[in-house]
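The values are calculated or read from the model by the stated rules, or taken from the named source; none is laboratory data. Not measured: the values here are computed from a predicted model. Virtual Cβ from ideal backbone geometry, glycine too; neighbours counted across all protein chains shown. We work out accessible area using only protein heavy atoms, side chains counted, and drop any ligands, DNA or RNA first. Shrake-Rupley method; radii C 1.70, N 1.55, O 1.52, S 1.80 Å.
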Amino acid sequence: MKSLRWPESTLEFVQGRELRFGFKVAPTPMARVYQCLLKVYPSNFPELLVMDPDLKELAAGRTLPHVYPHKGLGIKLCLWLPRTHEWVPQMRFRETYLPWAAEWLDYFEEWLVTDVWAGGGEHPEPKTRRWGRRPPFIQNAVATSTKH
């Protein structure tokens, strides 16, 4: 992480479990500046959060595109699809997460104006339970057994 040499950045090691790299990025010379936080864990994928400005506030009530659910501060960006192995731990953050964040933010700024997400990617629908307390196969089994 020391080799990142990113202007106005911070590096913090938290309780021996997490490395936090805070940095600022503007996706284009005319764009606003975003405060971001890259969290790196020893046994999980890194997370990239936009801390400021508040993306939900900028979206003015619209559902944010291409983000992961996240509890806590910041908005967790969806930068790559884990099952495709677009990122592996041997890759450099300066060549992956940091430019990917800038690219995502560029698409976000375009989305704010056009309401069209041009960044591509997969957007799976959230899984919802459509049945009550019993899974459908149990409900069907109960209904079938009472007909006899």
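Can you confirm whether Leu79 is under 13 Å from the mean Cα position of the chain (by Cα), at pLDDT 90 or above, part of a loop (DSSP other than H, G, I, E, B) and within 30 Å of Arg5 (Cα to Cα)? Yes, satisfied. Just so you know, in the stretch 93-126 the residues that are touching a helix residue (DSSP H, G or I) at 6+ places or on another chain (Cβ under 8 Å) and more than 27 Å from Ala60 (Cβ to Cβ) include one that is least open to solvent (accessible area, probe 1.4 Å), and it is Leu98.
Here the condition is being part of a helix (DSSP H, G or I) and modelled with pLDDT of 85 or more; of Ala118, Ala143, Ala101, it holds for Ala101 alone. Suppose we keep only residues that are part of a loop (DSSP other than H, G, I, E, B) and among the hydrophobic types (A, V, I, L, M, F, W, C) within the stretch 1-44. Which one would you say is surrounded by the fewest Cβ atoms within 10 Å (Cβ to Cβ)? Per the criteria, the residue is Met30. Selection of the stretch 45-57 for residues being open to solvent by less than 90 Å² (accessible area, probe 1.4 Å) and part of a strand (DSSP E or B) yields Glu47, Leu48, Leu49, Val50, Met51.
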